[in-house]
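Below is one structure, written out as structure tokens; the observations come after it.
The values are calculated or read from the model by the stated rules, or taken from the named source; none is laboratory data. Bear in mind that the values here come from a model prediction, so they are computed numbers and not experimental data. Glycine gets a Cβ as well: all are built from the backbone with ideal geometry, and neighbour counts include every protein chain shown. Areas reflect the complete protein model, heavy atoms only, side chains present, ligands, DNA and RNA absent. Shrake-Rupley method; radii C 1.70, N 1.55, O 1.52, S 1.80 Å.
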Amino acid sequence: MEYKKLFTPIKLGPVELKNRIFMSPMGVNYSEDPSGNFTERYINYYKERAKNDIGLIIPVHVKCEYKIDPYPVAYKFPCLQCTEDIRFFTELVDEIHLYGSKVAVQLCAGAGRNGDSVIDGYYPKAPSEVPLLINPNMKSKALTVDEIEEIIEAYGIAAGNAKKAGYDFIYIHAMAYLMDQFLTPAWNHRTDKYGGSIENRMRFMMECIDSVRKYCGANFPLIAGFSMDSGVPGSKTLEDCIAIAQTLEEKGILALHLRDGSYDNPGKMVPTIMHPKITGAENAAKIKEYVKIPIMVDGGLHDPETCDQILVENKADMTGLGRSLLADHEWAYKAKRGKSEEIRPCLRCMECVSHVFKGQYIGCSVNPLVGREKDAYEYSKTTSKKVLVIGGGQSGMLTALYSAQRGHNVTLVEKGSKLGGHLLEGSVASFKKDTADYFIWIKEQMKKAGVTVLTGITVDKDFIKMFAPDAVVVCTGSVPNIPNVPGIDSKNVKLATNVLLDDSEVADNVVIVGSGLVGCETAIDLAMKGKKVELIDMTPEIGMEINIITRPYMLEKINNLGIKCKANLKLTEVTKDGIKTIDENGNIHSINAGTVIIAAGLHSVNDLYRDLYSEIENIYVVGDSIRPRKFINASREAYAIAELL
């Protein structure tokens, strides 16, 4: 496909970008030293994206000081408060510049109420005394005017250091963090010159810009980013946002990066499977009407066709990629060369963000190489082997794919009639199109890599002896747990994994036993089709295993669909009229339902591996065959085993 605007150059003031794609700023947690400065791991991560046709890269945000605002502790961000730190940033900038990309420093004034702890009784400082994001039972302390002025000065000094490091732009960061908290009535309750009217709420941001000019000069290129609708009561109004945009334009800002959401409502900023695929672009288009400078948008922009359409329709001038560049570092390279079908899809599963929120390195469910860029994109040399992969679920397909890409002669054998394993039922709900796209992608890449696929064959010792492989990888996966209770074999009992594929025999009123991801997705899918659904679990809360970003939106969807939820109930019996359960106090409860659906988790199928382990020298096991887990585990293990072969 030919894109009309996506790969055309654009000038932001004196700086020309080779195309209209920018890498959105994302926390990755790759710091390995107390200073938080850019490490080799950071640099290789961004360099790999720069190699592949990104016009502008905005790395993880950089703090201006750690004295007044030493937070967040768990996510140690780089800081440019000292001149001795400049060398770390210069190395990053130089590596990005090697490949023709430009780079902006997203300069943060502080975490504010996003502070994640209290250090020695020193509470996070914010515009006002408001509940902390992480612990709403605790409140921030209001910054004094002297502290505000000290931060403003530090902001300018840090910007000056960024200029010395070679950055092309200073990015004024007013999204979710301290500067945004000054702009937003929900978090700014001040009655002095920094609070009240929109002019006063903008004052901190404008004085930070003045400080940048003081240390960088009047003409150094500046970009500004701010949140529009934060997704909380007391968010900025459209009129506020227009006023901010116009004032920033008057201040000489060269482009505006606009997005919705906040860490109080991250799904508006980084949409989950429960959200519309694109967020922010429509609101940004409303603001674009009132300014002449370029508008940058992101939020769920996963395919190049959508990005180009937004540009053609003049809703924005640049489009940003976040998770898409985790899923596939070659996104822009492939799109530019007419190979968009080869772009590895993002699942919107939120494992990446969830990892960061838990203080872990960022990860990706579909790209096993995120954070391992130094050596990962070129396999080590090997001799071609005859490899037998047993099982055609996600782990088996990926093991076969990566092994074939490494140069091995790979045959994948699946006992069923179709490939896919749990991807089959995991990709059929209306809100799982991303997973369906990923499933298609894997199968197409296997074909291109030359993997031989055999279906309808059960592998045993005789088959392996006849096949005579050099290596065997067992990927026999997992099957649903079935509770051992009276009546479980009744005709009114069905497995959630089967119901997702075929609900033609499901009654109008159902009860689902188990509220993990499969149980919740089944409940939502059936309720959206008009079924009356009740969801129970023996755990203290519904959906406890779902990641911390997706869970609240999934529970909100469940509530909006009228699905009844009951926790602390253990299934004791299936009856002709429904089920019987027992609660934590020993009380018996009956629930009427025409169909009882079991979503009680999975257990591994690994008998073949155990039988073969002592008889085959080069035998490996991947994915749920080890124990049932997530996409990210199967993806990483498949790549790791392919590297060993």
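Quick notes on this structure:
- Residue in the range 271-308 that is nearest to Tyr3 (Cα to Cα), counting only those that are buried (at least 17 other Cβ atoms within 10 Å of the Cβ) and among the polar types (S, T, N, Q): Thr279
- Close contacts from the range 232-252, counting a first residue that is farther than 16 Å from Met179 by Cβ and open to solvent by 30 Å² or more (accessible area, probe 1.4 Å) and a second that is modelled with pLDDT under 95 and part of a helix (DSSP H, G or I), with Cβ to Cβ under 8 Å and a gap of 6+ residues or different chains, come to Leu238/Asn283.
- Spans of strands (runs of 3 or more DSSP E) in the range 583-639 with at least 3 residues within 21 Å of Ser403 (Cβ to Cβ): 619-621
- Residue within the range 588-597 that is modelled with pLDDT of 95 or more and either under 31 Å from the mean Cα position of the chain (by Cα) or under 21 Å from Lys386 (Cα atoms) (or both) present: yes
- Per the conditions (1) over 30 Å from Ile582 (Cβ atoms); (2) in a strand (DSSP E or B), the sole criterion not satisfied by Val479 is (1).
- Scanning the range 86-120 for residues that are aliphatic (A, V, I, L, M), open to solvent by 20 Å² or more (accessible area, probe 1.4 Å) and in contact (Cβ under 8 Å) with a residue 40 or more places away in the chain gives Ile86, Leu98, Ile119.
- Identity of the residue in the range 121-168, touching a residue at least 40 places away in the same chain (Cβ under 8 Å) and of a type in the set (Lys, Arg), that ends up farthest from Cys216 (Cα to Cα): Lys125
- Matching residues, the range 621-645, being crowded, with 22+ Cβ neighbours inside 10 Å, over 22 Å from the mean Cα position of the chain (by Cα) and under 22 Å from Thr383 (Cα atoms): Val621, Val622, Ile641, Ala642, Leu645
- Residue within the range 131-139 that is over 29 Å from the mean Cα position of the chain (by Cα), of a type in the set (Val, Ile, Thr) and open to solvent by 10 Å² or more (accessible area, probe 1.4 Å) present: no
- Test set (1) at negative phi; (2) without any contact (Cβ under 8 Å) to a residue 60 or more places away in the chain; (3) under 29 Å from the mean Cα position of the chain (by Cα) - Thr522 fails condition number: (2)
- Those residues of the range 574-604 which are more than 18 Å from Leu517 (Cβ to Cβ), touching a residue at least 12 places away in the same chain (Cβ under 8 Å) and surrounded by fewer than 17 Cβ atoms within 10 Å (Cβ to Cβ), in sequence order: Thr575, Lys576, Asp577, Ile582, Asp583, Glu584, Ile588, His589, Ser590, Asn592, Gly594
- Among the candidates Ile157, Ile151, residue that is in contact with a Gly (Cβ under 8 Å, 6 or more places away or on another chain) and in a helix (DSSP H, G or I): Ile151
- Residue in the range 541-550 that is open to solvent by 70 Å² or more (accessible area, probe 1.4 Å), within 27 Å of Ala436 (Cβ to Cβ) and either among the β-branched types (Val, Ile, Thr) or modelled with pLDDT under 95 (or both) present: yes
- Residue within the range 514-525 that is surrounded by fewer than 13 Cβ atoms within 10 Å (Cβ to Cβ) and either of a type in the set (Val, Ile, Thr) or more than 30 Å from Asn409 (Cβ to Cβ) (or both) present: no
- Meets criteria (at negative phi, surrounded by fewer than 20 Cβ atoms within 10 Å (Cβ to Cβ) and not aromatic (Phe, Trp, Tyr)) for Pro78: no
- Checked against (1) on the phi > 0 side of the Ramachandran plot; (2) open to solvent by 20 Å² or more (accessible area, probe 1.4 Å), Lys491 passes all but a single condition, namely (1).
- Given (1) in contact with a helix residue (DSSP H, G or I) (Cβ under 9 Å, 6 or more places away or on another chain); (2) of a type outside the set (A, V, I, L, M, F, W, C); (3) surrounded by 17 or more Cβ atoms within 10 Å (Cβ to Cβ), number of the condition Pro469 does not satisfy: (1)
- Complete set of residues in the range 404-439 that are crowded, with 17+ Cβ neighbours inside 10 Å and more than 22 Å from Glu521 (Cα to Cα): Ala404, Gln405, Arg406, His408, Val410, Thr411, Leu412, Val413, Glu414
- Of all residues in the range 383-395, those that are at positive phi have Cβ atoms under 6 Å from Cβ atoms of residues that are open to solvent by less than 60 Å² (accessible area, probe 1.4 Å) and modelled with pLDDT of 95 or more, 6 or more apart or on another chain, in Gly391/Cys475; Gly391/Thr476; Gly391/Gly477.
- Any hit, the range 126-144, residues being aliphatic (A, V, I, L, M) and part of a helix (DSSP H, G or I): no
- Residues in the range 415-457 that are of a type in the set (Gly, Ala, Ser) and in contact with a Cys (Cβ under 9 Å, 6 or more places away or on another chain): 1 in all.
- Qualifying residues in the range 127-174 (those that are hydroxyl-bearing (Ser, Thr, Tyr) and touching a strand residue (DSSP E or B) at 6+ places or on another chain (Cβ under 6 Å)) - the one nearest to Asn200 (Cα to Cα): Ser128
- Answer residue from the range 268-296, given it is under 19 Å from the mean Cα position of the chain (by Cα) and not in a loop (DSSP other than H, G, I, E, B) and is farthest from Ile54 (Cα to Cα) among those: Lys268
- Of all residues in the range 95-125, those being of a type in the set (Asp, Glu) and assigned to a helix (DSSP H, G or I) number 1.
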